[in-house]
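Engineer: Quick one: the structure is below, questions incoming.
Every read-out reported here was derived from the displayed coordinates using simple, explicitly stated rules and does not represent laboratory data. Because the structure is predicted, anything quoted here is derived from the model rather than measured. For neighbour counting, all protein chains shown are included, and Cβ atoms are generated from backbone atoms with ideal geometry for every residue, glycine included.
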Amino acid sequence: MSKVLGAHDLLEISPVVPVVVVDDEAHAVPLAKALLRGGIGIIEVTLRTPAALPAIERIAEEVPEIVLGAGTVTAPEHAAKSAAAGARFLVTPGTTDTLLAAARDTGLPLLPGAATVSEAMRLAEQGVEALKFFPAEPSGGAGFLKALGGPLPHLRFCPTGGITPESAPKYLALPNVGCVGGSWLTPKEAVLAGDWGAIEALAREAAGLR
């Protein structure tokens with residue numbers, strides 16, 4: 001049986017959470033296995049394509065060792081469908097009351113999105129202490145999160161959006177950052193070409209960032 005995870009646990013699995021767009025569900029399992037071989041134990045499959053939910057189903061069935069999440073959850077029905085497909089956590093780019101309630105109804109750990117001090121404080125009032133900071137770079141980057149650590153030291157973040165292997169260490173050095181989200185681990189050209197060795201190599205580099 002899979003370990004029951006909390007939202008804070010998600011921030012400690014790997015220094016980088018791969019944020020993945022799947023266009024063909026046939027790529028899902030070899031992609032997830034390549035990430036695991038490279039030392040990355042978590043994956044966020046974004047609900048941006050018709051292949052996303054089938055991809056989540058296949059990874060959940062065939063690669064149970066990886067902690068599998070659904071990202072770009074923007075509607076209440078996304079939460080329920082992701083849970084039914086086998087996702088073990090949910091990630092939203094932003095947060096509304098309706099979306100927060102739907103995500104909590106699934107019982108899955110959630111990283112709700114916030115981009116401002118007020119949004120972070122509002123989520124903290126709802127009992128949320130582990131958040132996604134999105135879009136990270138356009139919203140102030142590592143400097144913003146460093147400043148936020150003063151008045152809101154109890155909140156921890158997974159910043160995502162515009163982060164690169166070069167900028168990731170700035171975020172990971174902050175005490176209120178547990179991990180970063182990044183799309184660079186699974187470049188589209190490598191996925192389409194089935195170059196799983198390249199993805200494994202990128203994952204291995206990312207796993208060494210902490």
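Engineer: Treating only the Cβ of Lys, Arg, Asp and Glu as charged (+1, +1, -1, -1), what charge dipole size does the chain show about its Cα centre? Round to the nearest 20 debye.
Structural biologist: 440
Engineer: Something else: Considering every Cα-Cα pair within the stretch 3-138, what fraction, in whole percent, is farther apart than 24 Å?
Structural biologist: 24
Engineer: Going through the stretch 87-129, which trypsin sites (Lys or Arg not before Pro) have at most 14 other Cβ atoms within 10 Å and a DSSP loop state?
Structural biologist: Numbers: sites: R88, R104, R122; in loops: R88.
When the trypsin sites (Lys or Arg not before Pro) of the stretch 87-129 are filtered for loop state and at most 14 Cβ neighbours within 10 Å, nothing remains.
Engineer: Right, something else. Counting other C-beta atoms within 10 Å, and keeping those with at most 16, which DSSP coil trypsin sites (Lys or Arg not before Pro) do you find in the stretch 1-37?
Structural biologist: K3
Engineer: Going out from 0 in 5 Å bins, what whole percent of all Cα-Cα distances in the stretch 64-205 drops into each bin?
Structural biologist: Percent of Cα pairs in each bin: 2, 10, 18, 19, 20, 16, 10, 4, 1, 0.
Engineer: Past 20 Å, Cα to Cα, is the threshold; run K132/K188; K33/K188; K146/K170 against it and keep the listed order.
Structural biologist: K132/K188
Engineer: Also: Amide H neighbours of V180 under 5 Å, counting only residues 5+ apart in sequence or on other chains, H built in-plane at 1.01 Å?
Structural biologist: Placed amide hydrogens put V16, V17 under 5 Å from V180.
Engineer: Can you put D105, D9 in order of Cβ neighbours within 10 angstrom, beginning with the fewest?
Structural biologist: Ascending Cβ contact count within 10 Å gives the list D105, D9.
Engineer: Give the relative contact order (percent, whole number) for the chain; include only Cα pairs under 8 Å separated by 6+ residues. Please list the in-between numbers first.
Structural biologist: Working: 415 pairs, mean separation 49.4, N = 210.
Computed over the chain, the figure is 24 percent.
Engineer: While we're looking at this one, here's another question. When the chain is treated as a GNM, springs tying every alpha-carbon pair under 10 Å, which of V180, V191, V117 comes out with the largest mean-square fluctuation?
Structural biologist: V117
Engineer: What would the Debye formula give as log10 I(q)/I(0) at q = 0.17, 0.26 Å⁻¹ for the alpha-carbon point model of the stretch 96-167, no solvent?
Structural biologist: Here the Debye-derived log intensity ratios amount to -0.62, -1.22.
Engineer: Give the cross-link partners of K81 among the aspartates and glutamates, using a straight C-alpha distance below 13 Å as the criterion and excluding same-chain residues fewer than 8 apart.
Structural biologist: By straight Cα distance, K81 reaches E57, D105.
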